[in-house]
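Following: one structure in structure tokens, then a few remarks.
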Amino acid sequence: MTNTETGVRAIAAYAQQALAPKQVEPGSIYLVATADGRVDTINLTGPEHTGQLQRKAGTTTVRDAQSFLTYWDKHHDDASEVYADSDRLTVTAVLDAHQADGARWAQHRLHLALRETAAWKQWLHNDGQLLDQETFAEFLEDHLPELLEPSAAEMLEIAQSFQAAQKVDFQSATRLTSGQRQFQYVETTTAKAGQKGQLSVPEVFTIGLVPFEGSEGYRLTARLRHRIGQNGLRLGYKLERPDEIRKTAFADVVKAIGEQIDTPVMNGTAA
């Protein structure tokens, strides 16, 4: 064997030795030098080898308190934290929060994002708006289940009266001692032209709404609004303090969660 061959074999042996894995932690982690000069770390306990995640991570979003409690019961521990944000109307749990004697990842989270019901959004959409007779009557008919006082049957009768009084000229409105608003009109149809009539509508009515999916229902007061102008009679309503009802509903959701868990619910936002 020549000196050249001996040298080549020696270089190859050193190269193979350099590429051999170096164990840095017994039974689990190795450093491996690659042919292109890099050093890779191989963790035999990683999920790519074991099929198991090393820790829980990610954010799960739920829509009601019961779903929040179900997930919480399955995943929380003694160090888990809960935050309620009254501005954003959200409740967030940090399930792997830092412990008193050490840090954790704080990356496994549960997020309650309340969603407003369709009925709540529809009543809020028309709040303060003046609608023509037909549109206002149709709105009442579509929302009879939410009408509490006067009853749905009474409000349906009122809606049908406005639908029937399409070809009339409304002239004035008077507040009655009974708490109703009475509208005087004159018929404009050929058969009844000149005949006078009147319609009475409650100035205040009570509705029942569920602000959030899965939450309780609340009573709201609506006050009648009207305007008689060139375009005829326009009607609407103004809800009393709907924002306060929304905040109350959120506070009740937080209370319902707090009563079912041993962890205090903090006012704020998780970092």
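The values are calculated or read from the model by the stated rules, or taken from the named source; none is laboratory data. Worth saying up front: this structure is predicted, and the values here are computed from it rather than measured. Positions of Cβ are generated from backbone atoms using ideal geometry, with glycine treated the same way; all protein chains shown enter the neighbour counts.
Annotation note: of 219, 181, the sole residue that is part of a strand (DSSP E or B) and either on the phi > 0 side of the Ramachandran plot or loosely packed, with under 12 Cβ neighbours inside 10 Å (or both) is 219. Contact map, the stretch 214-243: residues that are closer than 12 Å to residue 173 by Cβ paired with residues that are of a type outside the set (Phe, Trp, Tyr) and not in a strand (DSSP E or B), Cβ distance under 8 Å, separation 6+ or inter-chain. Pairs shown: 224/203; 225/128; 233/133; 234/133; 235/133. Checked against the criteria, residue 224 does not count as buried (at least 18 other Cβ atoms within 10 Å of the Cβ) and at pLDDT 85 or above. Could you look through the stretch 161-172, keep only residues that are in a strand (DSSP E or B) and at pLDDT below 85, and pick out the one that is surrounded by the fewest Cβ atoms within 10 Å (Cβ to Cβ)? Within the stretch 161-172, the match that is surrounded by the fewest Cβ atoms within 10 Å (Cβ to Cβ) is 172.
The set of residues from the stretch 56-100 being crowded, with 17+ Cβ neighbours inside 10 Å and at positive phi comprises just one member, 89. Every test in (1) charged (D, E, K, R); (2) part of a strand (DSSP E or B); (3) at pLDDT 95 or above is passed by residue 252 save one, and that test is (2).
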